[in-house]
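The values are calculated or read from the model by the stated rules, or taken from the named source; none is laboratory data. Treat the numbers as computed from the prediction; the structure is a model and nothing was measured. Cβ placement follows ideal geometry from the backbone for every residue including glycine, while neighbour counts extend to all protein chains displayed.
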Amino acid sequence: MDALDLLHNRVSCPVLSEPGPTEEQLEAMFQAALRAPDHGAIRPWRFLTIAGEQRHKLGELFLQAALQDDPDLAPERREKILNMPLRAPTLIVVIAAVREHPKVPLLEQEVSAGCAAQNIILAAHAQGVGAMWRTGDMAYHSQVRQGLGVADAETIIGYIYLGTAAKMRRAPQHDLSDYVASWPV
């Protein structure tokens, strides 16, 4: 796939099913992640993969966190939270593993981790694997962070859901003049 075609036509795929990515496809995604812009070459990221039965355990962790916040959670909401990780065969948790650095601010490190996540999504698309980047309350909840082993100084950048896209929609077209201007304006 041509690189510009990939960049111009990548879309999020909210409906994903089996099969998930192969080990070789995942390896290619992680290799792409490691090529993200990285001021200081400090590699401020790490990744957790979740697949198979682990997705049910993640759903239980999500539900425990939600019940901590609202013990009277409605049964249909409980079921929805429990099933969130089942929306795709494979998930990657992208974590910004930031640390103090004399020349690289923490924000730059978090942005770098976001670039690594984007590279995973682009590598997935290039291999015909559907991908969806999700965050939401469960990316920020202290109980979820603890259950996933996320350190206090780390940030969950997002959950990347991976699988076979039910339907690959067409990328929307935008008017560049809505977003691009010459300076001074």
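If you go through the stretch 106-122 one residue at a time, do you hit one that is more than 14 Å from the chain's Cα centre (by Cα) and assigned to a loop (DSSP other than H, G, I, E, B)?
no
Take the stretch 85-110 and flag every residue that is free of Cβ contacts under 8 Å to residues at least 60 places away in the same chain and surrounded by fewer than 17 Cβ atoms within 10 Å (Cβ to Cβ).
Selection gives LEU86, ARG99, GLU100, PRO102, PRO105, LEU106, LEU107.
So GLU24 clears everything in (1) surrounded by 14 or more Cβ atoms within 10 Å (Cβ to Cβ); (2) without any contact (Cβ under 8 Å) to a residue 60 or more places away in the chain except one condition, right? Which one?
All conditions pass for GLU24, except number (1).
Between residues in the stretch 72-84 that are among the β-branched types (Val, Ile, Thr) and residues that are in a helix (DSSP H, G or I), which pairs lie under 6 Å by C-beta distance while being six or more apart or on different chains?
ILE81/PHE62; ILE81/LEU63; ILE81/ALA66
Count, please, the residues in the stretch 160-185 that happen to be at pLDDT 90 or above and under 20 Å from the mean Cα position of the chain (by Cα).
Number of matching residues: 6.
Restricting attention to the stretch 172-180, does a residue exist that is crowded, with 16+ Cβ neighbours inside 10 Å and not in a loop (DSSP other than H, G, I, E, B)? Before the answer, list the steps.
Residues of the stretch 172-180 crowded, with 16+ Cβ neighbours inside 10 Å: none.
No; the residues of the stretch 172-180 include none that is crowded, with 16+ Cβ neighbours inside 10 Å and not in a loop (DSSP other than H, G, I, E, B).
Say we look at the stretch 124-152 and pick out the residues that are in contact with a strand residue (DSSP E or B) (Cβ under 9 Å, 6 or more places away or on another chain) and small (Gly, Ala, Ser); which of these is farthest from PHE30 (Cα to Cα)?
GLY136
Residues in the stretch 65-84 that are under 17 Å from THR135 (Cα atoms) and either surrounded by 15 or more Cβ atoms within 10 Å (Cβ to Cβ) or among the basic types (Lys, Arg) (or both): how many?
6
I want to confirm something. Restricting to the stretch 29-49 and keeping residues that are buried (at least 18 other Cβ atoms within 10 Å of the Cβ) and within 17 Å of the chain's Cα centre (by Cα), which single residue is nearest to ALA166 (Cα to Cα)?
MET29
Looking at the stretch 79-99, can you tell me whether even one residue there is of a type in the set (D, E, K, R), within 16 Å of ALA116 (Cβ to Cβ) and more than 18 Å from the chain's Cα centre (by Cα)? Show your work before the answer.
The initial filter retains those residues of the stretch 79-99 that are of a type in the set (D, E, K, R), namely 79-80, 87, 99.
After this cut, where a residue has to be within 16 Å of ALA116 (Cβ to Cβ) as well, the list is 99.
Those still in the list that are more than 18 Å from the chain's Cα centre (by Cα) too: 99.
The answer is yes, given that some residue of the stretch 79-99 is of a type in the set (D, E, K, R), within 16 Å of ALA116 (Cβ to Cβ) and more than 18 Å from the chain's Cα centre (by Cα).
Please go through the stretch 142-169 and pick out each residue that is part of a loop (DSSP other than H, G, I, E, B) and under 23 Å from PRO89 (Cα atoms).
Across the stretch 142-169, the qualifying residues are GLY149, VAL150, ALA166, LYS167, MET168, ARG169.
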